[in-house]
1. What net charge do the residues around B:SER76 carry, taking every other residue with its C-beta under 15 Å from that of B:SER76, with Lys and Arg at +1 and Asp and Glu at -1?
2. Among B:LEU145, B:ILE187, B:ALA74, pick out the residue whose Cα is farthest towards the positive end of the charge dipole of the protein assembly as shown, where Lys and Arg carry +1 and Asp and Glu carry -1 on C-beta, about the Cα centre.
3. So what's the gap between the Cα centers of the range A:126-141 and the range A:1-63, to the nearest angstrom?
4. Using helices alone, what [θ] at 222 nm do you get for the protein assembly as shown, with -39,500 (n - 2.57) per DSSP H run of 4 or more residues, divided over all residues and rounded to the nearest 500?
5. So how tilted is helix B:52-76 from the main axis of chain B? Cα-based, degrees 0 to 90, rounded to 10.
6. Once both axes come from the Cα atoms, what is the angle between helix A:150-162 and the longest principal axis of chain A, in degrees from 0 to 90, rounded to 10?
7. What are the nm distances, shortest first, from A:VAL69 to its equivalents in the other copies, labels at 7 Å along Cα→Cβ?
8. In Å², nearest 100, what accessible area do chains A and B bury in total when the solvent probe is 1.4 Å?
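The values are calculated or read from the model by the stated rules, or taken from the named source; none is laboratory data. Here the structure is a predicted model, which is why all the values come from computation and not from measurement. A quick note on method: Cβ atoms are made from the backbone with ideal geometry, for glycine too, and the neighbour counts reach across all protein chains shown. What goes into the accessible areas is simple: the full protein's heavy atoms, side chains included, and nothing from ligands, DNA or RNA. Shrake-Rupley method; radii C 1.70, N 1.55, O 1.52, S 1.80 Å.
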There are 2 protein chains.
Amino acid sequence: MNVMNDSPRRKELTRLAAQLFVQEGFDRTTVRMLAQEMGIKSGSLFHHFRDKQEILAAVIEEGTQNALVIARKALSRCDNEAGTRLHAMARAHLETLLTDRNAHVVALYEWRRLSPEARDHLSHLRDAYEALWEQVIDEALAAGLIRGDRFLVSRFVMGALNWTVRWYDPDGPRTPDDLADELVAMITRAPA
Amino acid sequence: MNVMNDSPRRKELTRLAAQLFVQEGFDRTTVRMLAQEMGIKSGSLFHHFRDKQEILAAVIEEGTQNALVIARKALSRCDNEAGTRLHAMARAHLETLLTDRNAHVVALYEWRRLSPEARDHLSHLRDAYEALWEQVIDEALAAGLIRGDRFLVSRFVMGALNWTVRWYDPDGPRTPDDLADELVAMITRAPA
DNA sequence: GGGTCAACCAAGCAAGCGCTAGTGTAAACG
DNA sequence: CGTTTACACTAGCGCTTGCTTGGTTGACCC
């Protein structure tokens, strides 16, 4: 047991772990399964991670950090029109959720399995992401595009979007863009 | 090992199990923890349930059946106006979700842990519940109250509602009714 | 060309897991 | 009365779990 930095090897292992965590769930994924998927023996795992919980934390950190970057990029790329920004945010959210899917499903489902310290650290990242949403919602409210309570609306919207991982079929006829269109149309007052 | 009927004792044990499953998650809840919470020894548990999975199935069945009954009652109690019915449905959903909370959280989080047979059986119950939603959404679409695709809208709405178990604080200032009001207002075109 | 170091392995420990077998007991039943 | 039934207990089997220990390998470094 030695490192907790982010070597390239560790990044790769984290990616593989995310996949297994999605397939089996955190608790049902044994260190032996993880090791086999990674092509090493179970003992060697603890050279890269202090314990099993740290693997989970690494997966979730990766995913959340990615989501933040993508959302910020999407917002910076569009003008200041509230509708456009709302749209961009929804699209960015769905894109991360459905392409970099594994890490996000883990973040959504296995959050409670984190150790208190890890949860504390990661909740700051998550809050930063949610703040982006609240800001965009605020703008849409100010522009009269939607109505209601800023806190509730942003929670409802994020709920609707996060729930997609339960039913969305990437091989079906609908693209993530379609979903974003539909959602924005549903909550805005002006016709699309 | 003998019975799989629904004795009153079994109902009570199921309720207690739901609470533990929420607190710890299904996998982390051991039969010894369950037994202790129930005031018996771990071996005695298997007099009431064939195995641990059956306890989970019982919890989820209870919750889903309850939700169905409550939603049907709520719908039958209101007139045929689409807005009223949409409202009633949202309120019923939130009420079951936030009062009979335990069973529903388990159903949402631990669905994947069910054995294939149990999942098959319970998915029929769940489908019946979702059909209620799609029907109400259909009526609202026909009345011009909301717009969009019936499938997507109902999924978005259920996502927004189910997500509430993540952030809603029953001791906070907002009542379940407040949430239902806000959600309906968010997605309908006409002013509240 | 000896030293360093990240990466890996073999072996296994202690604890905990779901579940079973066999028994006890008190109320309900004919 | 004797039998049945529902519920609980004790004791533990067989297996898996996360993690540790001590040692080996091969690439790189001055």
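1. Numbers: positive: B:ARG72, B:LYS73, B:ARG77, B:ARG85, B:ARG91; negative: B:ASP79, B:GLU81, B:GLU139.
Net charge in that neighbourhood comes out at +2.
2. Of B:LEU145, B:ILE187, B:ALA74, it is B:ALA74.
3. 32 Å
4. Values: 19 runs with 275 residues, N = 384.
Value at 222 nm, helices only: -23500 deg cm²/dmol.
5. Relative to chain B, helix B:52-76 is tipped by roughly 30 degrees.
6. Roughly 60 degrees, rounded to the nearest 10.
7. Copy-to-copy label distances for A:VAL69: 5.2 nm.
8. Buried area (both sides, nearest 100 Å²): 3700 Å².
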